[in-house]
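Read the figures in this text as sums done on the coordinates, not as results from a lab. Please read these numbers as outputs of a predicted model, since none were measured by experiment. Cβ placement follows ideal geometry from the backbone for every residue including glycine, while neighbour counts extend to all protein chains displayed.
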Amino acid sequence: MELAAGVCTRLHPRSALSFWCSAFYLIAFALSSGVGVAPAEAEPVSKEQMQSLDEQVQEVKSDVLSIAAELNGLEEKLLYPSNTQVAVFVSLAEGEAFRLDSVQLKIDGNPVAHYIYSFKELEALQKGGVQRIYTGNISTGEHQLDVSITGKVNGGKGIGATESFSFRKDVEPKLVAITLAGQGSGDALIELGGW
């Protein structure tokens, strides 16, 4: 039941999909808690009947979770249609040990993402991990991406950099890769790539 509630809470609170997910969750809760059964009319329940009821409740929970997963997929397709979708990914250059504190993105001058990294997230990036920092919609054509980073090099000296890049969005989804590297001089290197 907690898992179904967790799936439902990740949906946008005003979306129709969130409404249906909540409705399924309430039905499953009502079935599992015996809502609607009057205690005075209840008959003695055998162990087999209880086991059968538990199996039915588990089946309903499973159905609710699978429907919620399908609704999440549909919601993402509605919010981010493939012909307007852009996704931006961040990674560290191989062998980099500088401590990345934050990354801020602007597309066409509009702030779209600002992320502050925890120790575990930084460790994952240093081991070769890639983070999807932004997914959104933009029109086809030329666009400007501004990337600002802050961090520290091994000696504790603070570094920061801002770079601007141009990229073209075609009809298909656009995947943009940003690779970050610390320089001993105190400047950071930001490279733009794509997949």
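The table for this structure:
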read-out: Distant-in-sequence amide H partners of residue 174 (H built 1.01 Å from N, under 5 Å); value: 85, 86, 87
read-out: DSSP beta bridges in the range 85-194 [antiparallel fraction, %, rounded to 5]; value: 85 percent
read-out: Sequence ranges 116-124, 97-105, ranked by mean other-Cβ count within 10 angstrom, highest first; value: 97-105, 116-124
read-out: Kirkwood hydrodynamic radius of the range 133-177, from inverse mean 1/r over distinct Cα pairs, in Å; value: 12.8 Å
read-out: Distant-in-sequence amide H partners of residue 134 (H built 1.01 Å from N, under 5 Å); value: 88
read-out: Debye log10 I(q)/I(0) at q = 0.16, 0.20 Å⁻¹ for the range 85-194, Cα point scatterers; value: -0.68, -1.02
read-out: FRET efficiency estimate (nearest 0.05) - Cβ-Cβ, residue 72 to residue 114, R0 35 angstrom; value: 0.90
read-out: Those lysines that a straight Cα-Cα span of less than 30 Å connects to residue 47, excepting residues fewer than 8 apart in one chain; value: 61
read-out: Integer Hz, Karplus 6.51/-1.76/1.60 couplings in order for the range 135-144, x for Gly and Pro; value: 9, x, 10, 9, 7, 5, x, 7, 9, 10
